[in-house]
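J.: Here you go, one structure.
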Amino acid sequence: MRTRNSVTTLSQFVANEQAKYPTATGNLSKIFRDIKFAAKLVNRDVNKAGLVDIIGEHGSTNIQGEEVKKLDVIANNEFIWSLSAGGDCCAIISEEEDYVRHLNPDAKYVVAMDPLDGSSNIDVNAAIGTIFSIYKRVTPVGTPATEEDCLQTGENQIAAGYVIYGSSTMLVYTTGSGVNGFTLDMSIGDFCLSHPDMKTPEQGKIYSINEGNFKEFSSGIQKYVDSCKEKRMSARYIGSMVADFHRNLIKGGIFMYPATHSAPKGKLRLMYECNPMAFLTEQAGGKATTGDVRIMEVKPNELHERVPVIMGSAGMVEECLSCL
Ligand code: AHG
Ligand code: MN
Ligand code: MN
């Protein structure tokens with residue numbers, strides 16, 4: 001797809017995609033407009049983090065008992081502000097919000113998000129991200145969103161994506177017809193299509209797991225990790241899911257946060273970490289599983305529920321499953 005000066009912006013791309021569906025109302029593209037705007041605000045703040053007083057602890061813990069960083073709160077507020085100002089979102093599930101945040105009851109979309117993923121990397125200037133997932137509500141428009149709207153399985157996602165604040169800032173998303181990546185061009189202040197139709201290699205050479213937990217893994221996961229070493233694969237793990245995922249998506253690899261003896265459901269959250277990344281993985285040709293079931297088939301029971309995750313290049317995920 002080529003437009004003026006051979007540049008396709010995210011807004012143009014979303015509009016073109018939407019034009020393929022004559023019944024589309026345009027509301028989804030408005031959600032993308034709001035996500036894009038919030039991402040630009042977060043990008044600005046991430047970039048000036050070392051210059052102003054926004055590095056470090058916020059001084060609180062979230063409902064999951066994790067230390068909250070100042071930038072977690074800033075990013076959360078920016079996304080909530082943008083989505084509520086836009087008026088097309090009826091409810092938000094956020095890592096940083098204990099409960100559902102209700103917005104416009106007349107809107108039809110629910111957004112689940114991890115506003116700042118990889119918080120532990122903020123202070124050390126390594127890549128961090130934002131993850132989002134969009135659902136259509138199942139209850140009637142005009143009423144407050146319910147649990148039924150907010151706890152849908154990943155299969156019901158109508159869009160999902162992430163923003164990576166790395167050596168450049170990118171937004172990568174899917175609506176179920178492939179994965180496309182857009183790089184923020186600061187000179188024009190817009191995301192431009194840079195990675196059309198992203199596909200992850202069937203096999204890769206990278207395994208990403210917090211191997212410090214090795215002794216806590218099941219024997220199956222230990223066996224698979226040992227096999228990666230036997231094959232002289234590269235271990236790459238920075239502790240930002242978005243950054244680890246993005247690298248593996250492009251180069252081919254496997255990302256795992258499995259169950260441990262002390263955390264039988266793993267660490268990562270189903271609604272705003274695993275499901276959106278699983279949707280992207282599958283749309284790029286890869287696989288995403290808990291080890292027992294496809295991530296996107298897990299029926300959520302609560303907003304901040306955790307699930308073990310194994311995702312990435314299809315051949316590697318299958319090999320891992322064969323060890324379990
Ligand atoms: P968040 O910063 O949103 O809480 O997420 C951190 C997550 C994820 O990004 C990463 O993959 C994982 O935690 C790293 O955990 P370990 O430090 O236990 O490896
Ligand atoms: Mn996270
Ligand atoms: Mn987070």
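J.: Please identify, among Met186, Met277, Met241, the residue showing maximal mean-square fluctuation in a Gaussian network model of the chain using a 10 angstrom Cα cutoff.
T.: Met186
J.: Looking at the chain, which longest stretch skips every one of the GluC sites (Glu not before Pro) that is in a DSSP loop with at most 16 other Cβ atoms within 10 Å, leaving the sites themselves out?
T.: On the way: sites that count: Glu66, Glu202, Glu302, Glu305.
Of all site-free stretches, the longest is 67-201.
J.: Net charge around Lys108, counting only other residues with Cβ within less than 10 Å of its Cβ (Lys, Arg = +1; Asp, Glu = -1)?
T.: Details: positive: Lys136, Arg137; negative: Asp88, Asp106, Asp149.
Overall, the nearby charge balance is -1.
J.: Same structure, new question: Under a 10 Å cutoff between Cα atoms, tell me which one of Gly166, Gly220, Gly178 has the largest fluctuation in the Gaussian network model of the chain.
T.: Gly220
J.: Restricting to lysine pairs 8 or more places apart or on different chains, what number in region 206-323 have Cα atoms under 20 Å apart?
T.: Final tally of qualifying lysine pairs is 15.
J.: In addition: Return the distance in nm (one decimal) between the two label points of a simple spin-label model at Met186 and Glu148, each offset 7 Å from Cα along Cα→Cβ.
T.: About 4.8 nm separates the two model spin labels.
J.: Related question: One-quarter of the Cα convex hull surface for the chain, in nm²? Spell out each step's value before the answer.
T.: Working: hull surface 65.1 nm².
Dividing the Cα hull surface by four gives the mean projection, 16.3 nm².
J.: Further question on the same structure: Please report, as a whole percent, how much of the solvent-accessible surface of region 75-220 comes from carbon and sulfur atoms (probe radius 1.4 Å).
T.: Ligands and nucleic acids excluded, carbon and sulfur reach 50 percent.
J.: Which is the longest run of the chain containing none of the trypsin sites (Lys or Arg not before Pro) found in DSSP loop states (not H, G, I, E, B) with at most 11 other C-beta atoms within 10 Å? Before the final figure, lay out each step's value.
T.: Details: sites that count: Arg2, Lys20, Lys48, Lys231, Arg232.
Counting only loop sites that pass the neighbour cut-off, the longest clear stretch is 49-230.
J.: State the number of lysine pairs found in region 4-195 whose Cα atoms come within less than 25 Å, restricting to pairs 8 or more positions apart or on distinct chains.
T.: Total qualifying Lys-Lys pairs in region 4-195 comes to 20.
J.: While we're looking at this one, here's another question. Taking the 0 to 90 degree range and rounding to the nearest ten, how far is the long axis of helix 27-47 tilted relative to the main principal axis of the chain, both from C-alpha atoms?
T.: 70 degrees
J.: Once every DSSP H run of n ≥ 4 in the chain is given -39500 (n - 2.57) and the sum is divided by its residues, what mean residue ellipticity at 222 nm do you get, rounded to the nearest 500 deg cm²/dmol?
T.: Working: 8 runs with 94 residues, N = 324.
-9000 deg cm²/dmol, from helical runs alone.
J.: Tell me the angle of helix 314-323 to the major Cα principal axis of the chain, expressed in degrees between 0 and 90 and rounded to the nearest ten.
T.: 40 degrees
J.: Gaussian network model of the chain, Cα springs within a sub-10 Å range: biggest mean-square fluctuation belongs to which of Asp197, Asp244, Asp88?
T.: Highest fluctuation among the options: Asp197.
J.: Once the other residues with Cβ under 13 Å from the Cβ of Val46 are scored (Lys, Arg +1; Asp, Glu -1), what is the net sum? Walk me through the intermediate numbers first.
T.: On the way: positive: Lys40, Arg44, Lys48, Lys69, Lys70; negative: Asp45, Asp72, Glu78, Asp117, Asp123.
Within the 13 Å Cβ shell, the charges total 0.
J.: Right, here's the next one. Measure nothing but the geometry: give the 0 to 90° angle between the long axis through the Cα atoms of 10-19 and the longest principal axis through the Cα atoms of the chain, rounded to 10°.
T.: For 10-19 against the chain, the angle is about 80 degrees.
J.: Could you work out the local net charge near Lys251, counting Lys and Arg as +1, Asp and Glu as -1, over the other residues with Cβ closer than 13 Å to its Cβ?
T.: Numbers: positive: Lys199, Lys205, Arg236, Arg247; negative: Glu202, Asp244.
Neighbour charge sum, excluding Lys251 itself: +2.
J.: Right, another one. Per residue, how much accessible area does region 58-129 have with a 1.4 Å probe, in Å²?
T.: Values: 2680 Å² over 72 residues.
Result: 37 Å² per residue.
The values are calculated or read from the model by the stated rules, or taken from the named source; none is laboratory data. Since we're looking at a predicted model, the values are computed, not measured. Cβ: placed from backbone, ideal geometry, glycine included. Neighbour counts: every protein chain shown. Side chains are part of the model used for accessible areas, which takes the heavy atoms of the whole protein and leaves out ligands, DNA and RNA. Shrake-Rupley method; radii C 1.70, N 1.55, O 1.52, S 1.80 Å.
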